[in-house]
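Asks: Dropping the structure in here first, questions after.
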2 protein chains.
Amino acid sequence: MTSKTLDPKFVLTLDRVLAAPVAKLWRCWTEPDLIRQWFCPKPWLVSEARIDLRPGGEFYTLMNGPDGERIPSLGVFLEVQPERLLVTTDAFRPGWRPNDQAFMVAEVRFAPEGEASTRYIARAMHWTEDAMRQHEEMGFHEGWNAAADQLEALAKTL
Amino acid sequence: MTSKTLDPKFVLTLDRVLAAPVAKLWRCWTEPDLIRQWFCPKPWLVSEARIDLRPGGEFYTLMNGPDGERIPSLGVFLEVQPERLLVTTDAFRPGWRPNDQAFMVAEVRFAPEGEASTRYIARAMHWTEDAMRQHEEMGFHEGWNAAADQLEALAKTL
């Protein structure tokens, strides 16, 4: 990994209030048929998702691009607090096997804001400054905001 | 990390039957006052230990060498199945913050062999071949065997 000390600059954060209740956002994050519908910004789409919602359980998505790109992402859940907190990483495969494609930890916090809205804080935490910069250049802010828009829109239909 | 695919050669394994029941070995692994007494081969000793036994909970040890060396190790538990399985890693600090000193995942399995003995399988799983080789050269086999001897001897006194 790196010899540098962890620094806040290794963390990218999305912090928004979404116009949907926590319970519906939680469903969108944890049901494979729902996560497929919002998890990556259109015109990309998730064609397959597997969710085993427990520490060490599998979190798999297969993203498909408009020109035939296929990007599989295999990781695990680190922590699950229903309707409050989800933590995932691609640093392990199921069975806690270290994964050669480790890139980040994603931490998503949900907190009610009244009955119909939710404070939604999603953090991408990286092992290295290079990984964080690469993620930012890949369009972290635009991408995670667009996905959150899709998440909010889907939750409203439930 | 590395671009190489994970390979079984990244894993170092200790597989023994210890002459103590599972419950006593579990106590030795999970109580700070006990883990201090066996966790590193003498003449090294652990002067401080903190154990927060849940996924994401802190696992901290401070090892002291005979010439005044001090080696702190800060990590977290990934999975806890009482008297069956413990998984820890130094890849995170508490709060799932990526840790710049990430080196390995340690998986320890306990299974009863009759009433007074336990099959004890401890695996060190590394992200890279270099880390695995470095661990082997540091004396993984001698060190983990010597610690297991100390663990067995301590458990017998409980």
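Asks: In square nanometres, what is the average projected area of the Cα convex hull of region B:89-158?
Replies: 6.3
Asks: Next up: Students often check this: by mean Cβ neighbours within 10 Å, which of B:74-80, A:139-145 ranks highest, and how do the rest follow?
Replies: Final packing ranking: B:74-80, A:139-145.
Asks: Let me ask something else about it. Quick one: what are the phi-derived ³J(HN,Hα) couplings along region B:117-127, Karplus 6.51/-1.76/1.60 with θ = phi - 60°, whole Hz, x for glycine and proline?
Replies: Calculated HN-Hα couplings, in order: 10, 9, 6, 10, 10, 10, 10, 9, 10, 10, 6 Hz.
Asks: Using alpha carbons only, how many degrees (0 to 90, rounded to 10) separate the axis of helix B:140-156 from the longest principal axis of chain B?
Replies: It works out to around 30 degrees.
Asks: Averaged over peptide B:98-107, how many Cβ atoms belonging to another chain are found within 10 Å of each residue's Cβ?
Replies: 5
Asks: Ok, one more. Suppose R0 equals 22 Å. What FRET efficiency, 1/(1 + (r/R0)^6) with r the Cβ-Cβ distance, do B:Thr13 and B:Gln101 give to the nearest 0.05?
Replies: 0.45
Asks: If I model a spin label as a point 7 Å beyond the Cα along the Cα-Cβ vector, how far apart are those points for B:Glu31 and B:Ala111 in nm?
Replies: Rounded to a tenth, the inter-label distance reads 2.7 nm.
Asks: Another question, then. What does the charge dipole of chain A about its Cα centre add up to, to the nearest 20 debye, if the Cβ of each Lys and Arg holds +1 and the Cβ of each Asp and Glu holds -1?
Replies: 300
Asks: As a test of the formula, what do you get for chain A when each DSSP H run with n ≥ 4 contributes -39,500 (n - 2.57) and the sum is divided by the residue count, at 222 nm and rounded to the nearest 500 deg cm²/dmol?
Replies: The per-residue figure over chain A is -8000 deg cm²/dmol.
Asks: How high is the FRET efficiency from A:Arg84 to B:Val80, r the C-beta distance, R0 22 Å, rounded to 0.05?
Replies: 0.65
Asks: With the other protein chains left in place, how much accessible area per residue, in square angstrom, belongs to chain B at a 1.4 angstrom probe?
Replies: 48
Asks: Which residues, if any, in region B:122-137 lose at least 50 square angstrom of accessible heavy-atom surface (probe 1.4 Å) when the other protein chains sit next to their chain rather than the chain being alone?
Replies: In region B:122-137, residues shielded by partner chains: B:Met125, B:Trp127.
Asks: Classify region B:36-113 from the C-alpha gyration tensor, please: rounded if a/c falls under 1.5, else prolate or oblate depending on whether a/b exceeds b/c.
Replies: oblate
Asks: Where the label is 7 Å out from Cα toward Cβ, how close does B:Pro66 come to the same position in every other copy, in nm, shortest first?
Replies: 6.9
Asks: Provide the per-residue ³J(HN,Hα) series for region B:83-95, in order, calculated from phi with Karplus coefficients 6.51, -1.76, 1.60 and θ = phi - 60°, each as a whole number of Hz, with x at glycine and proline positions.
Replies: Going residue by residue, I get 6, 10, 8, 10, 10, 10, 8, 9, 6, 9, 8, x, x Hz, with x marking Gly and Pro.
Asks: Moving on to the next point. Considering only protein heavy atoms and a 1.4 Å probe, what is the carbon-and-sulfur percentage of the accessible area of chain A?
Replies: Carbon plus sulfur share of accessible area: 49 percent.
Asks: Placing +1 on the Cβ of each Lys and Arg and -1 on the Cβ of each Asp and Glu in chain A, which of A:Leu62, A:Ser117, A:Cys40 has its Cα farthest towards the positive end of the resulting dipole?
Replies: Final value for the positive-end residue is A:Ser117.
Asks: Further question: Could you check the simple spin-label distance between A:Trp44 and A:Asp130, using points 7 Å along Cα→Cβ, in nm with one decimal?
Replies: A separation of 2.1 nm, rounded to one decimal place.
Asks: Please compute the alpha carbon radius of gyration of chain B, then divide it by the globular-protein estimate 2.2 N^0.38 Å. Two decimals is fine.
Replies: 1.01
Asks: Give me the inter-chain shielding for B:85-91: mean count of other chain Cβ atoms within 10 Å, whole number please.
Replies: Mean partner shielding for this stretch: 3.
Asks: Moving to a separate point now. Would you kindly derive the ³J(HN,Hα) couplings of region A:31-44 from the backbone phi angles with the Karplus curve 6.51 cos²θ - 1.76 cosθ + 1.60 (θ = phi - 60°), listing them in order in whole Hz, with x for Gly and Pro?
Replies: 9, x, 5, 7, 4, 4, 7, 9, 5, 10, x, 4, x, 5
Asks: Still on this structure: Got a sec? Charge dipole of region B:12-156, +1 on Cβ for Lys and Arg, -1 for Asp and Glu; which of B:Gly95, B:Thr128, B:Gln81 is way out at the positive end?
Replies: Checking the options against the dipole of region B:12-156, the answer is B:Gln81.
Asks: Give me, ordered by chain and number, the residues 5 or more places off B:Ala111 or on other chains with an amide H under 5 Å from its own placed amide H.
Replies: Amide H to amide H, under 5 Å and 5 or more residues apart or across chains, B:Ala111 pairs with B:Arg119.
Asks: Given H placed 1.01 Å from N in the peptide plane, which residues other than close sequence neighbours of A:Leu53 have an amide H under 5 Å from its amide H?
Replies: none
Asks: In whole percent, what relative contact order does region A:13-156 give with Cα contacts below 8 Å and a gap of six or more residues?
Replies: 27
Asks: Kirkwood hydrodynamic radius, the protein assembly as shown, all distinct C-alpha pairs: what's the number in Å?
Replies: Hydrodynamic radius (Kirkwood, Cα only) of the protein assembly as shown equals 21.2 Å.
The values are calculated or read from the model by the stated rules, or taken from the named source; none is laboratory data. Bear in mind the structure is a predicted one, so any value in this text is a computation, not a measurement. Heads up, the Cβs are rebuilt from the backbone with ideal geometry, glycines too, and the neighbour counts pull from every protein chain shown. Quick note on the areas: whole protein, heavy atoms, side chains included, nothing else; ligands and nucleic acids left out. Shrake-Rupley method; radii C 1.70, N 1.55, O 1.52, S 1.80 Å.
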